[in-house]
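Student: The structure is given below, and queries will be raised subsequently.
What follows draws every value from the coordinates through simple rules; no lab data is involved. Keep in mind that this is a model prediction, so the values were computed, not measured. Cβ coordinates were reconstructed from backbone atoms using ideal geometry, including for glycine residues, and neighbour counts include every protein chain displayed.
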Amino acid sequence: MSKGNILITGSAGQLGVELAARLREIHGTERVIATDIRERNRIEEAGPFEILDVLDREQLAGAVSKHNIGTIYHLAAILSANGEKQIGKTWQLNMDGLLNVLDLGRNDENNPAGSQNAVSHIFWPSSIAVFGPDADREMTPQNSPLNPTTVYGISKVAGEQWCAYYHRRFGVDVRSLRYPGLIGYKSEPGGGTTDYAVDMLQAAAGGNAYTCPLGSHTRLPMMYMDDAVKAALDLMAAPEELVDVRTSYNVSAMSFTPDDMAGVIRRHVPDFDVDYAPDSRDAIAASWPDSIDDGKARQDWNWKPDFDLGAMVKHILDQQALSSE
Ligand code: AKB
């Protein structure tokens with residue numbers, strides 16, 4: 001692990017909650033400073049937490065020097081479905097937030113925390129939303145055309161280019177993954193196109209029926225949260241010379257339709273009932289790949305997921321049954 005402590009932005013979000021917990025297990029509670037613009041009791045109780053707005057450069061710089069931060073996991077963002085409802089705000093948060101964080105890695109007078117406080121490692125999640133309808137649908141390659149249809153996707157394409165630019169020009173060690181839809185049960189998703197998978201599992205676990213906002217046959221790449229956390233930690237632990245892709249790595253774990261997922265859930269909850277009412281999220285999903293080729297991540301830093309659809313559904317339903325006993 002690099003020098004200094006770890007700061008997470010957007011720590012109250014779906015990935016942030018689980019990443020903070022895992023980083024605290026590994027590095028110790030006090031070394032991981034969770035921050036978000038929103039309060040979340042659970043995080044505050046679990047360890048150091050501060051309210052922080054990533055658009056406030058001074059506040060961000062102050063937190064980095066105050067806590068002797070060496071690594072930032074910059075997760076604060078507006079996702080695809082919510083982004084279409086507030087395009088200006090999404091662009092501002094997703095772009096300016098990233099640029100504010102990237103500046104904290106600079107070793108010169110443009111670092112708002114001072115060059116002596118430059119952070120040595122930055123993680124930033126990109127997304128399959130960088131791809132648009134002209135990319136190969138099946139096993140979308142690492143180097144595909146990037147012509148997204150959403151403002152979230154545009155911000156991720158631009159963000160990838162900023163990461164590569166800061167690495168090339170200023171030597172900032174920023175690393176990134178193109179996450180597919182993330183599925184967990186410990187934290188709530190917020191405003192994404194792929195959130196349906198979490199909602200469907202929650203409905204099944206609670207004995208409820210579910211109305212899906214995607215069409216029954218809309219296939220998307222997805223990943224269990226344990227694998228998403230593992231991918232971030234593995235990439236961040238990789239020796240610098242192995243991290244060849246400085247825009248963002250394709251990563252993949254499974255690929256399924258809502259109908260596939262309902263079928264696997266019914267192995268455990270036989271009378272689970274789903275109907276379909278596709279809305280604007282289905283059109284976003286239709287512009288994204290069905291499956292992703294993550295050969296480059298496998299080759300460069302040994303990426304390998306642990307969970308497929310069957311294992312993930314069983315694990316989540318078992319855990320939720322245990323917690324309701
Ligand atoms: C979303 O649906 O917006 C996100 C993503 C795929 O980046 N989960």
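Student: Would you please give the residues with an amide H less than 5 Å from that of Ile78, counting only those at least 5 places away or on a separate chain, with H modeled from the backbone geometry?
Tutor: HN-HN under 5 Å from Ile78: Asn94.
Student: Counting only DSSP beta bridges with both residues in the stretch 164-271, what percent are antiparallel, rounded to the nearest 5?
Tutor: Of all bridge pairs located within the stretch 164-271, approximately 40 percent are antiparallel.
Student: Sticking with this structure for a sec: Of all the C-alpha pairs in the stretch 1-152, what % are more than 27 Å from each other? Each step should come with its number before you reach the end.
Tutor: Values: 3216 of 11476 pairs.
Within the stretch 1-152, distances greater than 27 Å cover 28 percent of Cα pairs.
Student: Positive end of the charge dipole of the stretch 217-269 (Lys, Arg +1 and Asp, Glu -1 on Cβ, about the Cα centre): tell me which of Met223, Pro239, Thr257 has its Cα farthest that way.
Tutor: Thr257
Student: Let me confirm the definition first: pairs of Lys residues in the chain, 8 or more apart or on different chains, C-alpha distance under 25 Å. How many are there?
Tutor: For the chain, qualifying lysine pairs total 15.
Student: Diagonalise the Cα gyration tensor of the stretch 168-221 and give the resulting equivalent ellipsoid semi-axes, square root of 5 times each eigenvalue, largest first, whole Å. Show your work: numbers first, answer last.
Tutor: On the way: eigenvalues 208, 39, 12 Å².
So the equivalent ellipsoid measures 32, 14, 8 Å along its semi-axes.
Student: A follow-up question, please. Express in nm, to one decimal, how much length is gained between Asn107 and His315 on full extension, taking 0.36 nm for each residue of separation and deducting their alpha carbon distance. Could you put the intermediate results ahead of the total?
Tutor: Working: separation 208, 0.36 × 208 = 74.88 nm, distance 4.44 nm.
Between Asn107 and His315, full extension yields an extra 70.4 nm.
Student: Taking 2.2 N^0.38 Å as the expected size of a compact globular protein, what ratio does the Cα radius of gyration of the stretch 81-135 give against it, to two decimals? All intermediate terms of the calculation are to be shown ahead of the outcome.
Tutor: Numbers: Rg = 14.9 Å, N = 55, 2.2 N^0.38 = 10.1 Å.
For the stretch 81-135, the normalised Cα radius of gyration is 1.48.
Student: According to the Kirkwood expression over distinct Cα-Cα pairs, how big is the hydrodynamic radius of the chain, in Å? Working shown, then result.
Tutor: Working: mean 1/r = 0.0500 Å⁻¹.
Taking every pair of different Cα atoms in the chain, averaging 1/r and inverting gives 20.0 Å.
Student: Taking amide H positions as placed 1.01 Å from N in the peptide plane, with prolines and chain starts having none, which residues 5 or more places from Ser127, or on another chain, fall under 5 Å of its amide H?
Tutor: Amide H neighbours of Ser127, under 5 Å, 5+ apart: Tyr179.
Student: Residues of the stretch 233-261 with backbone nitrogen within less than 16 Å of a virtual label 7 Å along the Cα-to-Cβ line of Asp300, please, listed as ranges.
Tutor: 233-252
Student: Also: Report, to one decimal in Å, the Kirkwood hydrodynamic radius for the stretch 106-236 based on all distinct Cα pairs. Kindly include the intermediate steps, with their values, before the conclusion.
Tutor: Values: mean 1/r = 0.0585 Å⁻¹.
Computed over the stretch 106-236, the radius equals 17.1 Å.
Student: Considering only DSSP beta bridges whose two residues both sit in the chain, what percent are antiparallel, to the nearest 5? Spell out each step's value before the answer.
Tutor: On the way: 3 of 32 bridges.
Here the share of antiparallel DSSP bridges comes out near 10 percent.
Student: Another question about this same structure. Could you tell me how far the Cα centroid of the stretch 59-83 sits from the Cα centroid of the stretch 160-229, in Å?
Tutor: The stretch 160-229 and the stretch 59-83 have Cα centres spaced 19 Å from each other.
Student: If we count other beta carbons within 10 Å of each Cβ, what is the order of Arg178, Arg137, Arg24, fewest first? Before the final figure, lay out each step's value.
Tutor: Working: Arg178 27, Arg137 13, Arg24 18.
With the fewest neighbours first, Arg178, Arg137, Arg24 line up as Arg137, Arg24, Arg178.
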